Amino acid sequence: MKVPLLIAAIAANAILFYSCEEDKPVSTESSFGYIQQKILNQSCALSGCHASSQDWAFAEHHLILSEGNAYANLVNIDPSNTSAKAAGLKRVTPSAPDKSLLFLKLSCDASLSANGYGSEMPLGRDAISAGQLEYLKNWIEAGASEDGMILTDVGLLDDNVTVCATKEFIPLEAPALGTGYQLRVDRFTIKPNFEREIFVYKELGNPEDIYINRIEMRMRQNSHHFLVNTFDEKTPEKLLPQVDAIRELRDDKGNYVGETVSQMEYQLFTIASQTSEMNYQFPDGVALKMPANHKLDVNVHYVNKGTTPIEGECYINIHKADPANIVHEAKPIMFSSEDIYLAPNQKTIVIKEFTSLEPAKIFMLTSHTHKLGEYFDVQIKGGPRNGEVIYSSNNWHHPLIKTYSVPVELNAGEGLRMIVTYNNTTSKAVRFGLKSDDEMAIIFGYYY
């Protein structure tokens with residue numbers, strides 16, 4: 001099995017019952033009316049996001065923010081995100097912005113993913129302004145009335161300084177000397193309405209073999225994913241990249257760069273994340289080995305759907321484990337299907353099986369699709385437990401990370417079966433691909 005770990009904040013959907021009545025205009029004679037017109041309509045209630053139940057993301061968030069629906073779907077309503085719900089948050093908690101997931105999501109706060117609350121919003125678009133966030137905060141503090149008017153200048157809603165511009169990105173502090181290593185991808189720019197995906201080959205700096213049992217990562221917002229790869233020992237010498245050089249996956253016109261694509265064919269995944277911050281600790285006694293003088297290929301992918309340039313940047317901390325405490329050496333899992341064709345305006349189920357050539361004890365699984373993925377199930381293939389579902393996730397952007405207190409044991413010749421349900425709500429066929437509008441189906445995990 002060759003594969004990496006896809007780290008993402010744990011999130012699952014709860015069902016939200018919302019009004020099915022015809023949308024009614026919201027009066028701007030109330031503070032919420034101004035919020036609807038200036039914030040929700042402009043940044044949230046957009047096609048593909050929170051406009052209607054037909055949006056591709058609806059199956060994940062169950063949240064409609066269009067006029068006539070937004071207030072009833074926000075105030076005193078439990079969030080779909082299970083971590084936020086467990087922490088006592090509501091979508092909007094009257095008088096308590098710090099307990100209101102809407103406010104936190106719009107605050108450009110990278111700690112959201114560390115707390116398991118998902119990504120900052122609006123995803124991939126321009127952040128709301130600092131003035132708009134202040135107005136929203138004051139409205140919540142005043143009780144989050146639907147009809148009342150707060151004593152705050154509505155001119156704040158026309159502020160054009162984004163809330164992210166008022167917040168400093170704080171890099172990770174490097175591990176203490178002798179306890180680990182830090183890698184970084186320096187700041188780079190993503191132009192408006194563009195996806196930029198780059199690779200940077202980095203020297204870890206370890207003069208001898210090491211074992212690692214903890215991985216931290218922090219990056220600027222609007223990331224689609226973060227990956228750390230290694231290269232197969234069979235990689236042709238001419239394809240090994242230059243250390244510290246930026247390699248683009250696509251040129252300025254969106255065309256794939258042939259050499260970068262060729263290099264990807266020899267990559268072996270090691271670490272990954274779909275959120276802007278992570279902190280993963282391996283189970284006791286388990287660690288991942290990295291050989292002496294190891295090099296890692298760091299891959300970051302940003303999506304800018306906004307109208308102004310944004311910046312990307314990434315820090316990774318690799319923490320060493322004491323070899324004396326290692327009982328099991330972790331090995332990564334990555335099983336994927338490229339045989340994906342999703343006809344327009346219909347659901348499609350993709351099934352693929354994978355066989356293990358050696359006995360394996362799986363202690364973690366997670367999944368990866370893009371935005372059309374609705375459900376991702378993993379079954380055991382073969383043996384006495386054939387057909388048993390051992391993993392299920394219904395959240396493409398924050399897929400479940402399932403750690404098994406008792407590892408799933410497979411004998412040689414047994415394996416895993418992926419069953420992935422997609423809902424292509426678009427008018428175009430969608431196939432496997434590397435862009436955010438294409439689709440994927442990947443099982444990630446670790447075993448020993």
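Computed from the coordinates by the stated procedures, all read-outs in this text should not be read as laboratory data. Nothing here was measured: the structure is a model prediction, and the numbers come from that model. Every residue, glycine among them, receives a Cβ derived from its backbone with ideal geometry; neighbour counts consider all protein chains shown.
Key figures
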quantity: Sequence ranges 185-194, 74-83, ranked by mean other-Cβ count within 10 angstrom, highest first; calculated: 74-83, 185-194
quantity: Net dipole in debye of the stretch 312-391 [+1 Lys, Arg Cβ; -1 Asp, Glu Cβ; about Cα centre; nearest 20]; calculated: 120
quantity: 3J(HN,Hα) from dihedral phi, the stretch 148-163, Karplus parametrisation 6.51/-1.76/1.60, rounded to Hz, x for glycine, proline; calculated: x, 10, 7, 8, 9, 4, 5, x, 4, 6, 9, 4, 10, 9, 5, 4
quantity: Pair N160, T189: separation of 7 Å Cα→Cβ label points (nm); calculated: 1.9
quantity: 5 Å binning of all Cα-Cα separations within the stretch 31-166, expressed as whole percents from 0 upward; calculated: 2, 11, 21, 25, 24, 13, 4, 0
quantity: Net length gained if the chain between N138 and M264 were fully extended (0.36 nm per residue, minus Cα distance); calculated: 40.5 nm
quantity: For the chain, built as a Gaussian network whose Cα springs stay under 10 Å, the top-fluctuating residue of T270, T355, T369; calculated: T355
quantity: Net length gained if the chain between K435 and K331 were fully extended (0.36 nm per residue, minus Cα distance); calculated: 34.7 nm
quantity: Gain upon complete extension [D322, T426; 0.36 nm per residue less C-alpha separation]; calculated: 32.3 nm
quantity: Efficiency of FRET between E67 and E173 - r from beta-carbon atoms, R0 56 angstrom, step 0.05; calculated: 0.80
quantity: Most mobile of E237, E29, E338 in a GNM of the chain (Cα contacts under 10 Å); calculated: E237
quantity: Cα-Cα over 28 Å, subset of K202/K320; K105/K361; K85/K402; K90/K361; K38/K191; K90/K320; calculated: K105/K361; K90/K361; K90/K320
quantity: Label zone at K289, where the point sits 7 Å out along the Cα-to-Cβ direction: the stretch 177-209 residues whose backbone N lies under 19 Å; calculated: 204-209
quantity: Zone residues, the stretch 323-339, relative to T355, backbone N less than 19 Å from point 7 Å out along Cα-to-Cβ; calculated: 334-338
quantity: Karplus-derived 3J(HN,Hα), 6.51/-1.76/1.60, for each residue of the stretch 240-257, Hz, glycine and proline x; calculated: 5, x, 6, 5, 6, 8, 7, 10, 8, 7, 10, 7, 4, 9, x, 7, 5, 8
quantity: Within a Gaussian network of the chain (alpha carbon springs, distance under 10 Å), most fluctuating of N138, N423, N293; calculated: N293
quantity: Amide H partners (placed H, <5 Å) of G180, local residues excluded; calculated: K320
quantity: Residues with amide H under 5 Å from that of E414, placed H, sequence gap 5 or more; calculated: S356
quantity: DSSP-defined antiparallel bridges as percent of all bridges, the chain, nearest 5; calculated: 90
quantity: Computed FRET value (nearest 0.05) for V406 with D232, which takes r as the C-beta separation and R₀ as 30 Å; calculated: 0.40
quantity: Dipole axis of the stretch 31-166 (+1 Lys, Arg; -1 Asp, Glu on Cβ), positive-most option in A86, A144, S47; calculated: A86
quantity: Rounded to 10°, Cα long-axis angle of helix 130-141 versus longest principal axis of the chain; calculated: 70
quantity: Label of the coordinate-derived value, volume of the Cα convex hull per residue in Å³, listed as [x] 169; [y] 151; [z] 301; calculated: [y]
